[in-house]
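Participant: Would you mind keeping the following structure in view while I ask a few things?
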Amino acid sequence: MIFTYEQISKLNDTELIVYNYIVKNVGLVLKMNIRELAAQSHVSTATITRFCHKLDCEFKIELKRFNEINKMPEIDDEITMLNQFFDYSKGKEFNEHINQAVEYITDSNFIVCLGIGQSGSMARYAARFFSNVGYYSQYIDDPFYPAPTDQFEKCLLIAFSNSGETKEVIDQLRLYRGVQSKIISITNDSNSTIAKMSDLTIPYFIKKVILPNTKNISSQVPVVYIIERICRKLQTQKNLEILE
């Protein structure tokens, strides 16, 4: 988001016209002066000045920062980004994370996969995949789902969050932490709040891509890979136990 909700709420109807024009035309606005922006958004230069004052910032600086953060990666860049992740996934640290996740899962009586929005889809996929290999799981994509009780003995919560800062997921983590559940987080930020609240974090370090209307279209390929890597490790472990 370019500006905060609190900042946007201060704008009047005319200033909101300016805001809506800006978010739809970030690239063009970066090249405009005040007079050009006023002309294109059909308001006065005084309105543009008030707009800047209310947002209490040099909005071009904010726009530039926003544009750089949310610039869509080229196909070659995206492939490079994913290759970097897969290179990381071959390393010792990543493999240790996967082994630790497998230990938590095999030691648990009940698995809950939690996520909201796009991460909710990943939670649902994970719950089905874990169930496919014999570890029954349920998914929660409702941030207001009832709190767990003390009957959740040896429950394992696996939280999915790209940012690691989703308030509703953090609130759920507090509830599960209150009944002594183990928590694994699969997130893009190893220093996030959700990561710090977890017993184990599996980060994937992929560039975030957020559209101007705040829709997250960051790649979920690493998340799918992590889920499947854990499940295959679980199945391999089961096969070895059968042979023994």
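Participant: Sum up the charges of everything whose Cβ sits under 13 Å from the Cβ of Y125, counting Lys and Arg as +1 and Asp and Glu as -1, but leave Y125 out. Before the final figure, lay out the partial values.
Facilitator: Values: positive: R124, R128; negative: D141, E228.
Net local charge, Y125 excluded: 0.
Participant: Can you list residues whose amide H is under 5 Å from I140's amide H, if they're 5+ apart or on another chain and H is modeled 1.01 Å from N?
Facilitator: C113, L114, G115
Participant: With viscosity set to 1.306 mPa s and temperature to 10 °C, compute the Stokes-Einstein D of region 92-178, Rh being the Kirkwood radius across alpha carbon pairs; µm²/s, no decimals. List each step's numbers first, then the result.
Facilitator: Values: Rh = 13.4 Å.
Using the Kirkwood radius from Cα pairs, D works out to 119 µm²/s.
Participant: Which of the pairs K31/K207; K207/K233; K182/K233; K90/K182; K154/K233 have their Cα atoms more than 24 Å apart in this structure? List each step's numbers first, then the result.
Facilitator: Numbers: K31/K207 26 Å; K207/K233 27 Å; K182/K233 19 Å; K90/K182 26 Å; K154/K233 21 Å.
Pairs exceeding 24 Å: K31/K207; K207/K233; K90/K182.
Participant: In whole Hz, with x marking every Gly and Pro, tabulate ³J(HN,Hα) for region 84-96 from phi via Karplus 6.51 cos²θ - 1.76 cosθ + 1.60, θ = phi - 60°.
Facilitator: 5, 5, 5, 4, 4, 5, 8, x, 5, 4, 4, 4, 5
Participant: What does the charge dipole of region 110-174 about its Cα centre add up to, to the nearest 20 debye, if the Cβ of each Lys and Arg holds +1 and the Cβ of each Asp and Glu holds -1?
Facilitator: On the way: 5 positive and 7 negative charges, 42 e Å.
In debye, rounded to 20, region 110-174 gives about 200.
Participant: For L28 and K196, FRET efficiency with R0 = 41 Å and r from the beta-carbon atoms, rounded to 0.05? Intermediate results must be reported in sequence, preceding the final value.
Facilitator: Values: r = 40 Å, r/R0 = 0.98.
After rounding to 0.05, the efficiency reads 0.55.
Participant: Still on this model: Skipping prolines and chain starts, which residues have an amide H placed within reach, meaning under 5 Å, of the one on I202, given they are 5 or more residues away or on another chain?
Facilitator: The list, which skips near neighbours in sequence, is S185, I186, T187.
Participant: Write down the Kirkwood hydrodynamic radius of region 75-243, to one decimal in angstroms, obtained as one divided by the mean of 1/r over all alpha carbon pairs.
Facilitator: Working: mean 1/r = 0.0616 Å⁻¹.
Mean inverse Cα-Cα distance, inverted, gives 16.2 Å.
Participant: Now for a different question. In whole Hz, with x marking every Gly and Pro, tabulate ³J(HN,Hα) for region 98-103 from phi via Karplus 6.51 cos²θ - 1.76 cosθ + 1.60, θ = phi - 60°.
Facilitator: My calculation for region 98-103 gives 5, 4, 5, 4, 4, 4 Hz in order.
Participant: If each of F86 and N12 carries a label point 7 Å out from its Cα toward its Cβ, how far apart are those two points in nm?
Facilitator: Between F86 and N12, the simple spin-label model gives 5.7 nm.
Throughout, read-outs are computed from the coordinates displayed, never taken from laboratory work. Only a predicted model underlies this, so the values are computations on that prediction, with no experimental measurement involved. A quick note on method: Cβ atoms are made from the backbone with ideal geometry, for glycine too, and the neighbour counts reach across all protein chains shown.
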